[in-house]
Each structure stands twice: as structure tokens, then as C-alpha cells.
Amino acid sequence: MTASIEVSTSDFANMNQGLIHLLQAIDSSPGGSISTFKLLKKLKSTGYGQHIIRRAVKEGYIARKEQPPEGKGNYLLLNYLTPKGKALLKKISDVNNCNITN
């Protein structure tokens, strides 16, 4: 059984600033996707950043896909917004007039 609690969009944004910051970082990236390494660097967080990424994937706000390396190296794991993530950012931007801060 799943319980749901209604909260306003501004309250949701205030309680989930890390998630919102993550979604904004992905959205502002060229091409709409960013590697996990670059995303964590952009967020200036590794431990908590990984937690937020996993949460965003689990809740359906972002998706991830592997990209083969250019030449030698490891595969890149690219993060991009899902339609649900884009809708959340739009709704929060509409409510807060794009003034979400850390």
C-alpha cells in the first residue's frame, strides 16, 4: 500500500533542493545530457550527488544510458531528463518564476 501526501509545488521545491539542482544541471547541459563524472563535478558533490542521482532515476525524473568511449577508455554513463523530469522543472519554474536557489 502506498500513501501519498499533497504538498504545494513551492514546498516540494524547498524540500528537494538537491533534486531540483540536479535536474537544472542536466537541463542546462549541451545536448540535454551529461556524463555522471561531469554532473558530479558540476554539483560539487560525489557521495550525496550519487544518492540524488539514484533517487532521481528511481523516481523517474532522469534516465541513464551508456555511451561507448571515443578511442580508449571506459564507457560513459550519460544522464538525461525524462518527460517527467522536464515537466517537474517547468512546473517549479512557473511557480517560482525561475528563482530557485541553493
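The values are calculated or read from the model by the stated rules, or taken from the named source; none is laboratory data. From a predicted model like this one, the values you see are computed outputs, not experimental measurements. Quick reminder, even Gly has a Cβ in these numbers, built from the backbone with ideal geometry, and neighbours come from all protein chains shown.
The table for this structure:
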item	result
Qualifying position, being over 14 Å from SER93 (Cβ atoms) and of a type in the set (S, T, N, Q), among THR36, THR9	THR36
Every pair of residues 6+ apart whose Cβ atoms lie under 8 Å, when the first sits in region 56-67 and is over 12 Å from ILE34 (Cβ atoms) while the second is among the small types (Gly, Ala, Ser) and surrounded by 12 or more Cβ atoms within 10 Å (Cβ to Cβ)	ALA56/GLY85; VAL57/ALA63; GLY60/GLY85; TYR61/GLY85
Lone unmet requirement of (1) of a type in the set (D, E, K, R); (2) exposed (fewer than 13 other Cβ atoms within 10 Å of the Cβ); (3) at pLDDT 90 or above; (4) under 20 Å from ALA87 (Cα atoms) for ARG64	(2)
Some residue of region 26-38 being closer than 19 Å to THR82 by Cα and in contact (Cβ under 8 Å) with a residue 60 or more places away in the chain	yes
Condition met for ALA87 (of a type in the set (Gly, Ala, Ser), in contact with a Gly (Cβ under 8 Å, 6 or more places away or on another chain) and either under 15 Å from ALA25 (Cβ atoms) or modelled with pLDDT under 95 (or both))	no
